[in-house]
1. Could you list, in sequence order, all residues of segment 227-248 that are within 15 Å of ligand 1 (Cβ to nearest atom), surrounded by fewer than 19 Cβ atoms within 10 Å (Cβ to Cβ) and of a type outside the set (Ser, Thr, Tyr)?
2. I want to confirm something. Restricting to segment 23-38 and keeping residues that are modelled with pLDDT of 95 or more and surrounded by fewer than 23 Cβ atoms within 10 Å (Cβ to Cβ), which single residue is nearest to ligand 2 (Cβ to nearest atom)?
3. Given the criteria out of contact with any Leu (no Cβ under 8 Å at 6 or more places or on another chain), without any contact (Cβ under 8 Å) to a residue 60 or more places away in the chain and either part of a helix (DSSP H, G or I) or within 27 Å of Gly196 (Cα to Cα) (or both), does Ala68 qualify?
4. If I ask for residues that are among the charged types (D, E, K, R), without any contact (Cβ under 8 Å) to a residue 40 or more places away in the chain and over 13 Å from Leu25 (Cα atoms), which ones from segment 208-253 would you list?
5. Could you say which residue among Val193, Val233, Val204, Val246 is within 18 Å of the chain's Cα centre (by Cα) and under 18 Å from Ser85 (Cβ atoms)?
6. Mind checking whether some residue in segment 177-188 is more than 16 Å from the chain's Cα centre (by Cα) and either assigned by TED's automatic domain parsing to the domain that holds Gln104 or in a helix (DSSP H, G or I) (or both)?
7. Looking at (1) in a loop (DSSP other than H, G, I, E, B); (2) at pLDDT 95 or above; (3) more than 10 Å from ligand 1 (Cβ to nearest atom), which one does Thr251 not meet, given that it meets all the others?
8. Could you say whether any residue in segment 173-194 is without any contact (Cβ under 8 Å) to a residue 40 or more places away in the chain and within 16 Å of ligand 1 (Cβ to nearest atom)?
Amino acid sequence: MPATRPDHPTEALAAFVEEGSVLALTGAGISTDSGIPDYRGDGRRLRHTPMTYQEFVSSEHARRRYWARSHVGWRRIACAQPNVSHHCLAALEEAGSVIGVITQNVDGLHTAAGSRRVLELHGNLARTVCLGCGDVRSRLELQHRLEAANPWFGDWQVTYAPDGDASIPDEVVDGFEVVDCLECGGVLKPDVVFFGENVPKDRVDAAFRMLGEAKRLLVLGSSLTVMSGYRFVVAARKAGIPVAIVNRGPTRGDADAAVRIDGGLAETLEPLARRLAAAPA
Ligand SMILES: NC(=O)c1ccc[n+]([C@@H]2O[C@H](COP(=O)([O-])OP(=O)(O)OC[C@H]3O[C@@H](n4cnc5c(N)ncnc54)[C@H](O)[C@@H]3O)[C@@H](O)[C@H]2O)c1
Ligand SMILES: [Zn+2]
């Protein structure tokens with residue numbers, strides 16, 4: 001371990017990760033290179049208002065709108081492949097520097113890249129859950145049922161939005177038929193945490209246990225605007241756990257970061273992983 005921290009941020013990050021016991025906290029920015037849009041890229045304000053949990057559970061129209069848009073938008077998530085940053089993180093775990101990943105993403109790309117210890121804080125779009133009986137099923141199964149119920153549904157000119165959402169014409173939404181739980185006829189919801197919904201307590205507890213095992217926290221591709229992610233930076237600060245942040249544009253954790261790189265993830269992580277993953281144990 002160097003006696004003084006290197007001045008150059010890239011060197012400082014390499015030293016930070018090399019010291020080991022690093023917990024990664026990732027956000028939408030790590031998946032933009034896989035073609036999945038984020039919410040607040042380039043320092044923009046929220047450019048699209050996501051549906052809240054309250055709207056989803058209280059309004060049949062809101063659910064029709066959600067599933068019609070998701071019917072189109074989910075295809076892009078389902079086809080997305082992990083990018084170099086997901087692979088670098090998996091390599092750093094394999095090399096023993098990273099102990100695990102807490103992700104705010106719902107796209108499943110960390111696991112697809114080979115990361116073994118992944119806590120999906122906000123769930124995963126690849127599953128559905130019944131709000132009546134709790135039955136959990138694959139989203140692919142629902143996709144087939146939605147296709148069968150809406151054979152007229154075509155490939156619209158769409159704009160893809162975050163979280164497997166896409167904008168489609170209103171008249172298409174109105175004619176869309178939603179399907180219910182096969183077990184109890186209840187309302188189906190994607191198995192993800194909506195805005196306005198709490199992360200299940202046991203999941204939060206498991207995430208804090210991971211932080212308790214870590215000696216360093218590395219934030220990758222998150223504006224930290226959402227409290228459920230930012231709270232780990234707050235907790236790290238309180239526990240004296242140093243924080244490094246790699247993100248293009250400002251984040252809410254910048255004042256707490258011992259190392260801060262304002263730049264692209266692929267460009268930053270690739271040389272780092274090549275160097276550390278190739279280094280002898
Ligand atoms: N892929 C997904 O699963 C996905 C996508 C969008 C939103 N979400 C959800 O929305 C919420 C949004 O919060 P968030 O903080 O994760 O996202 P965010 O959109 O608030 O922040 C993403 C940050 O990443 C930066 N960024 C984008 N591409 C980058 C790159 N290649 N290199 C470096 N930085 C890059 C952006 O400038 C932005 O500051 C989360 O709760 C998450 O569940 C998930
Ligand atoms: Zn049910």
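The values are calculated or read from the model by the stated rules, or taken from the named source; none is laboratory data. Since we're looking at a predicted model, the values are computed, not measured. Don't worry about glycine lacking a Cβ; one is built from the backbone with ideal geometry, like all the others, and counts go over all protein chains shown.
1. Restricting attention to segment 227-248, the residues satisfying the condition of being within 15 Å of ligand 1 (Cβ to nearest atom) are 227-234, 243-248.
Still in the list and also surrounded by fewer than 19 Cβ atoms within 10 Å (Cβ to Cβ): 227-228, 231, 234.
Within segment 227-248, Met227, Arg231, Val234 meet the criteria.
2. Restricting attention to segment 23-38, the residues satisfying the condition of being modelled with pLDDT of 95 or more are 23-34.
Going one step further and asking which of them are surrounded by fewer than 23 Cβ atoms within 10 Å (Cβ to Cβ), we end up with 32-34.
Values: Thr32: 35, Asp33: 37, Ser34: 32 Å.
Residue satisfying both the conditions and the ranking: Ser34.
3. Working: out of contact with any Leu (no Cβ under 8 Å at 6 or more places or on another chain): yes; without any contact (Cβ under 8 Å) to a residue 60 or more places away in the chain: no; either part of a helix (DSSP H, G or I) or within 27 Å of Gly196 (Cα to Cα) (or both): yes.
Taking the combined requirement at face value, the residue does not satisfy it.
4. If we filter segment 208-253 for residues that are among the charged types (D, E, K, R), which is where we start, we get 209, 213, 215-216, 231, 237-238, 248, 252.
Filter again for without any contact (Cβ under 8 Å) to a residue 40 or more places away in the chain, leaving 209, 231, 237-238, 252.
Matches in segment 208-253: Arg209, Arg237, Lys238, Arg252.
5. Values: Val193 fails: under 18 Å from Ser85 (Cβ atoms); Val233 fails: under 18 Å from Ser85 (Cβ atoms); Val204 fails: under 18 Å from Ser85 (Cβ atoms).
Selected residue: Val246, the only one of Val193, Val233, Val204, Val246 that is within 18 Å of the chain's Cα centre (by Cα) and under 18 Å from Ser85 (Cβ atoms).
6. Looking through segment 177-188, none of the residues is more than 16 Å from the chain's Cα centre (by Cα) and either assigned by TED's automatic domain parsing to the domain that holds Gln104 or in a helix (DSSP H, G or I) (or both).
7. Checking Thr251 against (1) in a loop (DSSP other than H, G, I, E, B); (2) at pLDDT 95 or above; (3) more than 10 Å from ligand 1 (Cβ to nearest atom), the one that fails is (3).
8. So far as segment 173-194 goes, no, none of its residues is without any contact (Cβ under 8 Å) to a residue 40 or more places away in the chain and within 16 Å of ligand 1 (Cβ to nearest atom).
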